[in-house]
Amino acid sequence: MKTKTKQAQYEEEKVKSFIVDVLIPVYHPDAKFERMLKALALQNVPVRKLILMNTDEEWWKSNKMETKIPSKLEFEVHHVSKAEYDHGGTRKLAASFSDADILLFMTQDAVPFNSSMVKHLLEAFEEEKTAVAYARQLPATNCRLIEQYTRMFNYPKKSAVKSLADLPELGIKTYFASNVCAAYRRSVFVELGGFVDKTIFNEDMIFAARVIHAGYQIAYQASAQVIHSHNYSGIGYLHRNFDLGVSQAEFPDVFANVPAEGEGMKLVGKTAWFLVKKGKPWLIGSLAWLSLCKYTGYRLGKKYKKLPKRLVVRLSSNKEYWK
């Protein structure tokens, strides 16, 4: 049996010295939420507290959701109405309830893959310039083949650190840091003003851009893993990418000089080749349809100001945002 070196022991103790709170927006969570909480309770570097931002108080109470939280986890629940919920503002409000060293934002359907997820995220913060560290997202067992490759493309096996120096080469990918599961150094989060108060989508990338331009760095921790994937229909992708386009149009200072279309085309080409290698070239037809829906939604979202309000609301997946 191998014994730990003094350096390894020192690094482990340093990681364990961080105080971590987990912040999760919640709306009608399903069984994945319970699996997530059980996995968080088993982390080998414990979290101090859960801060839950729930958007249906009556549903939460009638389903006795507090009884489903493992007793090992300390938690607090804050109720906001669905009309009040905002991708950026609600998460920023959640952060105001914490004084932890590290704010770990997650979504209710991101299930830690093992007991080391928190530990591996925290390892990134041993480097003082690291402001954000995000996890690798693995496909669920029912994930369709095309979406499986999207997970592989966006979340490769190799970790990486991104800074302003990478912007010319990586472009918009420099700002990629999904808060499906992402940890933030609270001092930098506060210094840079946190997430924007109102945005339809993309609050994580908007903040990540601030991080990069402020001279900090973003760590992709491939060893920190969560199970998280979706099987959207073409129309589902159209709605989702419409909101993506809207968010980019509303923050031109962040996205105007880092076009995203090139990354999208690269993903389509590599996915098609992946399907051929897997012996399922007939799925390229589905890939073409899904890609068309994504691109159409994205382009319409970028031009949303020129569209009738009624059409904008119909195209968006977030109807409350437009009220």
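The values are calculated or read from the model by the stated rules, or taken from the named source; none is laboratory data. Remember, it's a predicted structure, so these values are computed and weren't measured experimentally. Ideal geometry is used to build each Cβ from the backbone, glycine not excepted, and the neighbour counts take in all protein chains shown. Calculation scope for accessible area: heavy atoms of the full protein, side chains included, ligands and nucleic acids excluded. Shrake-Rupley method; radii C 1.70, N 1.55, O 1.52, S 1.80 Å.
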(request) Would you kindly state the longest site-free stretch of the chain, with sites defined as GluC sites (Glu not before Pro) in a DSSP loop (not H, G, I, E, B) surrounded by at most 15 other Cβ atoms within 10 Å? (result) 129-323
(request) Rounding to the nearest 20 debye, state how big the charge dipole of segment 1-138 is about its Cα centre with +1 on each Lys and Arg Cβ and -1 on each Asp and Glu Cβ. (result) 560 debye
(message) Calculate the FRET efficiency for HIS213 and ARG144 from the Cβ-Cβ distance with a Förster distance of 56 Å, rounded to the nearest 0.05.
(response) 0.95
(request) Write down the accessible area per residue of segment 98-171 in Å², having rolled a 1.4 Å probe over the full set of protein chains. (result) 45 Å²
(request) Could you give log10 I(q)/I(0) at q = 0.15, 0.17, 0.18 Å⁻¹ for segment 152-241, computed by the Debye formula over C-alpha point scatterers of equal weight, without solvent? (result) -0.66, -0.84, -0.93
(message) How compact is segment 70-116 by the rule of thumb for globular proteins, expressed as Cα Rg over 2.2 N^0.38 Å?
(response) 1.34
(request) Quote the charge dipole size of the chain about the Cα centre in Debye, to the nearest 20; the model charges only the Cβ of Lys and Arg (+1) and of Asp and Glu (-1). (result) 1240 debye
(message) Please compute the contact order of the chain in relative form: average sequence separation of alpha-carbon pairs under 8 Å and at least six residues apart, divided by the residue count, as a percent.
(response) 19 percent
(request) Could you tell me which chymotrypsin sites (Phe, Trp or Tyr not before Pro) in segment 123-191 are loop residues by DSSP with no more than 11 other beta carbons within 10 angstrom of their beta carbon? (result) none
(request) Calculate the spin-label point distance for ASN257 paired with LYS64, positioning each point 7 Å from the Cα along the beta-carbon direction, and give it in nanometres. (result) 5.8 nm
(request) For the pairs LYS162/LYS309; LYS173/LYS280; LYS14/LYS38, note any where the Cα-Cα span goes beyond 31 Å. (result) LYS162/LYS309
(message) I'd like the antiparallel share, as a percent to the nearest 5, of DSSP beta bridges with both residues in the chain.
(response) 35 percent
(message) Based on alpha-carbon centroids, what's the gap between segment 245-296 and segment 14-42 in Å, whole number please?
(response) 31 Å
(message) Could you tell me the calculated FRET efficiency between GLU74 and VAL190, based on Cβ-Cβ distance and R0 = 30 angstrom, to the nearest 0.05?
(response) 0.85
(message) As an exercise, find the ratio Rg/Rh for the chain from alpha-carbon atoms, using the Kirkwood inverse-distance average for Rh.
(response) 0.96
(message) Distances longer than 23 Å among the Cα atoms of segment 2-101: what percent of all pairs is that?
(response) 36 percent
(message) What figure, in Å² to the nearest 10, do you get for the accessible area of LYS280 with a 1.4 Å probe and non-protein molecules left out?
(response) 90 Å²
(message) Give me the 1.4 Å probe accessible area per residue for segment 254-304, excluding ligands and nucleic acids, in Å².
(response) 59 Å²
(message) Once ligands and nucleic acids are excluded and a 1.4 Å probe is used, how much of TYR220 is accessible, expressed in Å² to the nearest 10?
(response) 10 Å²
(request) Using only the alpha-carbon atoms of segment 36-164, report the extent along each of the three principal axes, biggest first, to the nearest angstrom. (result) 43, 39, 31
(request) Give me the percent of the accessible area of the chain that comes from carbon and sulfur atoms, probe 1.4 Å, all protein chains in place. (result) 56 percent
